[in-house]
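The values are calculated or read from the model by the stated rules, or taken from the named source; none is laboratory data. A quick note: this is a predicted structure, and the numbers were derived from the prediction, not measured. Note: ideal-geometry Cβ built from the backbone for every residue, glycine included; neighbour counts use all protein chains shown. All accessible areas refer to the heavy atoms of the entire protein, side chains included, with ligands and DNA or RNA removed. Shrake-Rupley method; radii C 1.70, N 1.55, O 1.52, S 1.80 Å.
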Amino acid sequence: MTELLVLYYSTHGATRQMAQLIARGIESVPGASARLRTVPRVSTVCEATEPAIPDTGAPYVELTDLQECAGLALGSPTRYGNMAAPMKYFWDATISEWLKGTLVGKPACVFTSSGTMHGGNESTLLTMMLPLLHHGMLILGTPYTESALLSTRSGGTPYGVSHVAGTESNWPISEEERQLCLAQGKRLANTALKLQGQA
């Protein structure tokens with residue numbers, strides 16, 4: 001079984017829902033499975049720590065997850081056109097895996113959510129690619145052969161899946177966004193299998 005890592009950070013739940021849909025897309029491909037992981041919050045108070053195991057949702061990511069995955073879907077809410085600090089904090093601590101070339105040649109895709117249509121979705125997707133490129137990963141976008149990309153009036157970009165959650169973070173994932181999440185998961189899984197010579 002080829003295992004793909006779906007690594008995300010979510011504050012209001014939208015990015016987590018996207019991660020779950022991408023995982024479902026991955027697992028719709030025979031021979032592929034998804035490993036959902038998240039990162040802990042960071043605090044400005046040095047003594048504050050998160051529990052070793054999250055109360056809800058996916059377990060926290062470990063470097064072994066990077067070593068064992070055949071590909072990666074990376075998701076974060078938008079923070080001023082960039083990934084959220086907890087996700088950046090995690091990637092800043094992966095130099096050991098960068099030195100070993102752990103992720104070189106593995107496929108990756110990115111996804112994000114913001115409160116407004118022009119809340120920085122595209123720049124967040126692009127800046128989330130940068131550490132992955134430094135790690136030598138092969139970046140997958142969303143091709144326009146996905147019809148939902150042409151019809152969406154909410155999220156969705158050629159750089160990766162996006163969601164517009166509304167200023168109260170309470171807008172549901174649209175049908176087009178759902179279709180694009182599933183398609184992104186399938187594309188990642190199929191590409192990983194092809195790279196391993198299994199498809």
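Here's the list of aspartates and glutamates a cross-link from Lys106 could span, going by alpha-carbon distance under 14 Å and ignoring same-chain residues fewer than 8 apart: Glu3, Asp65, Glu68, Glu97.
Between Ala85 and Ser169, the simple label model (points 7 Å from Cα in the Cβ direction) yields a spacing of 1.5 nm. Here the calculated FRET efficiency for Gln198 and Lys100, from their Cβ-Cβ distance with R0 = 25 Å, stands at 0.55, rounded to the nearest 0.05. Rg and Dmax, both from the Cα atoms of the stretch 67-196 and both in Å, are 14.7, 43.
Ordered by solvent-accessible area of protein heavy atoms (1.4 Å probe), largest first, the residues Met129, Met117, Met1 come out as Met1, Met117, Met129.
Divide by every residue of the chain the summed helix terms, -39500 (n - 2.57) for each DSSP H run of at least 4, and state the resulting mean residue ellipticity at 222 nm, rounded to the nearest 500 deg cm²/dmol. Working shown, then result.
Numbers: 7 runs with 74 residues, N = 199.
After summing the helix terms and dividing by residue count, I get -11000 deg cm²/dmol.
Excluding ligands, DNA and RNA, the accessible surface per residue across the chain is 49 Å² with a 1.4 Å probe.
With contacts taken as Cα pairs under 8 Å at a separation of at least 6 residues, the chain carries a relative contact order of 26 percent. Computed about its Cα centre, the charge dipole of the chain is approximately 360 debye, with only Lys, Arg, Asp and Glu carrying charge at their Cβ. Shown are His134, His118, whose ranking by accessible area with a 1.4 Å probe and every protein chain present, most to least, is His118, His134. Which of the lysines could a cross-linker span from Lys100 if the Cα-Cα distance has to be under 22 Å and same-chain partners fewer than 8 positions apart are dropped? Those lysines meeting the cut-off are Lys88.
Length available on full extension from Ala93 to Asp55: 0.36 nm per residue minus the Cα-Cα distance, which gives 11.3 nm.
Computed over protein heavy atoms with a 1.4 Å probe, the carbon and sulfur contribution to the accessible area of the chain reaches 54%. Note on the stretch 1-148: semi-axes of the ellipsoid equivalent to its C-alpha gyration tensor, largest first and rounded to whole Å, are 22, 19, 16.
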